[in-house]
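Below is one structure, written out as structure tokens; comments come after it.
Values quoted throughout were computed directly from the atomic coordinates according to the rules given, and no laboratory measurement underlies them. In this text the structure is predicted, and so the values were computed from the model without any measurement. Ideal geometry is used to build each Cβ from the backbone, glycine not excepted, and the neighbour counts take in all protein chains shown.
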Amino acid sequence: MSAATTRSRTPDRLCAEAVDLARAAAEEAAAPGVVGEHSGLVSEGDRVVTHFFECKELGYRGWRWAVTVARASRAKLVTLDEVVLLPGPDALLAPEWVPWSERLRPGDMGPGDLLPTDAEDLRLEPGYTGEDEPLPSAPVSEEMAELVEAEDAELTAGTPSNLPVAPTRGSIAAVAEELGMRRARVLSRYGLHVAADRWEDSFGAATPMAQAAPAPCASCGFLVPLGGSLGQAFGLCANEFAPADGRVVSLSYGCGGHSEAAVMPKPPQPAAPVIDETRVDPFPLRPAPDSGSVPVLADEDTAELGHS
């Protein structure tokens, strides 16, 4: 250890005794009544000492007022260097800053919020490859386009310079647009695996709901199949009473709302009534002539017997 290092770690006597100067500077910088007792000092170098005072301000538990004093070589006058509020060993500190991309959680986005994606996002890959280059038969060749770019020039109206450097028709982007491939980036294999793991954790075979289910979703009538490779393991639940309604579920997931788990029986049909009391049977006032219950008589004969 050198002599200079030894001198720098030994507090200067005059600077160490300047406690009153340090306290006055701290009280001037702080609010009244928040500078506490002197809690120590430390040597910052040759004739440079920092005094610490307790901070009594609410919300700054464990913080200290640090006042640095110094003096010139062979001088007896101690001068003020700086006054700052620093955290102590047991200070109450704010949590470590975390980027917004790592703080964001599912469900945090609201109406009007934008979520940008990194250009090198591992979950995405190009939807189509290639660059927008002119066709080999284009009037403006690739060499001419490179020359224009190198000379920092512009193609002005005229013939044949009025033609675009990269014609829209025939470019990779134009062909992709015609084929319906309007997405510049699609899910990569990594993105598919990450999404599948997330859905499996939420609505998979290991969940308590699936463990108690009578049957898996693969045999449920409310399951809407998915296209692509994800359809081999996942589907969409369309049962409004199920806990996963409108969610992507694993085919091995299940719940009590399975379409075939409990089929309600048809209500029993009552037997036909023996006597139909819902109809009125007509009874004629006179017997029918062909009934055979009474002899057929003329009206004159019945009048003699006093019948009306």
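Just to check I understand the Karplus step: with θ = phi - 60° and J = 6.51 cos²θ - 1.76 cosθ + 1.60, what whole-Hz values come out for region 78-86, glycine and proline as x?
These are the phi-based 3J(HN,Hα) values: 8, 10, 8, 9, 7, 10, 9, 9, 10 Hz.
How much space per residue, in cubic angstrom, does the convex hull of the C-alpha atoms of region 190-262 take up?
Normalising the Cα hull of region 190-262 by residue number yields 72 Å³.
What's the extension gain from A218 to D281 if we count 0.36 nm per residue and subtract their Cα-Cα distance?
In short, 16.8 nm is gained.
What FRET efficiency comes out for E37 versus V98 if R0 is 45 angstrom and r is the Cβ-Cβ distance? Round to the nearest 0.05.
For E37 and V98, the calculated efficiency is 0.80.
Label-point separation (nm) for R198 and R247, each offset 7 Å from Cα along Cα-to-Cβ?
About 1.4 nm, to one decimal.
Applying the Karplus parametrisation 6.51 cos²θ - 1.76 cosθ + 1.60 with θ = phi - 60° to the phi angles of region 208-214, what ³J(HN,Hα) value in whole Hz is obtained for each residue in order, glycine and proline being reported as x?
My calculation for region 208-214 gives x, 5, 5, 5, 9, 6, x Hz in order.
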